[in-house]
Amino acid sequence: MSHAIVKRKQLETRICNHHRIYCSAFIILLIGIILKVLPLHNCFTLLMLSRSCSRILSLNLSKQFYRTMNSTGKWNPSLTSEQLRVLRDKGTERPNTGNYLHNKQTGIYSCANCDLPIYKSETKFDSGCGWPAFYDAIPGSLTFTRDESFGMVRIEICCSRCGGHMGHVFEGEGWQKILNLPTDQRHCVNSCSLNFKEG
Ligand SMILES: [Zn+2]
């Protein structure tokens, strides 16, 4: 079991234990009132006090719980298994299958996991390679890493905010001259790593 899951379980247990303590205190005070062991007004004050403490502690524990969830479960729950395979596990979608391969609409392509804007539609071009191609990204939106998998040396591109795998970037293929582009880069990107918004 990973450290994150253990930590989450501990927090869940702490929250449950806290509610158990609060319920026990409530029952003891109730018995006190019924048996007239404790004066009624003191019991009422104690009850209100324990209720306030419970709320404050419970809220803090819940906040901590959800903070832990967010920091560990960084993958958007709305992602499909194919998107997870590509974004998280650095997979590649099958060529000529992506939703945005032939998309010619004007707008912004954002990371499908964290919604960070990555590409402007005006930087998209048709390379015929089977995946959407862009000659440049929005500054600061990507991280570049040398990737030596499958016996090739490639530059992997990932979302700079969440680390989601986008694809690879190739340089010097001649697209700049062929299509008169501002750079000679081809960002070869998986459609399922992106979300497109018109505008
Ligand atoms: Zn992202």
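Output the strands (runs of 3 or more DSSP E) that fall wholly within segment 130-199 and possess 1 or more residues being touching a residue at least 60 places away in the same chain (Cβ under 8 Å), or say none.
On the way: elements: 142-147, 154-159, 165-171, 185-189, 194-198.
Of the strands (runs of 3 or more DSSP E) lying wholly inside segment 130-199, those with at least 1 residues that are touching a residue at least 60 places away in the same chain (Cβ under 8 Å) span 154-159, 165-171, 185-189, 194-198.
Go through (1) more than 16 Å from the ligand (Cβ to nearest atom); (2) assigned by TED's automatic domain parsing to the domain that holds LYS177 and name the single condition CYS159 misses.
(1)
Is it the case, given these coordinates, that SER127 is crowded, with 16+ Cβ neighbours inside 10 Å and under 25 Å from ASN76 (Cα atoms)? Please lay out each step first, then the result.
Details: crowded, with 16+ Cβ neighbours inside 10 Å: yes; under 25 Å from ASN76 (Cα atoms): no.
So SER127 fails the test.
If I filter segment 104-128 down to residues being in contact with a strand residue (DSSP E or B) (Cβ under 6 Å, 6 or more places away or on another chain) and in a loop (DSSP other than H, G, I, E, B), which single residue comes out as farthest from the ligand (Cβ to nearest atom)?
Going through the qualifying residues, I end up with SER127.
Are any residues in segment 135-156 closer than 24 Å to GLY107 by Cβ and within 16 Å of the ligand (Cβ to nearest atom), and if so, which ones?
Filtering segment 135-156 down to residues closer than 24 Å to GLY107 by Cβ leaves 135-143.
Hits for segment 135-156 are ALA137, ILE138, PRO139, GLY140, SER141, LEU142, THR143.
The values are calculated or read from the model by the stated rules, or taken from the named source; none is laboratory data. Being a predicted model, the structure only gives us computed values, none of them experimental. Neighbour counts run over all protein chains shown; Cβ positions are idealised from the backbone, glycine included.
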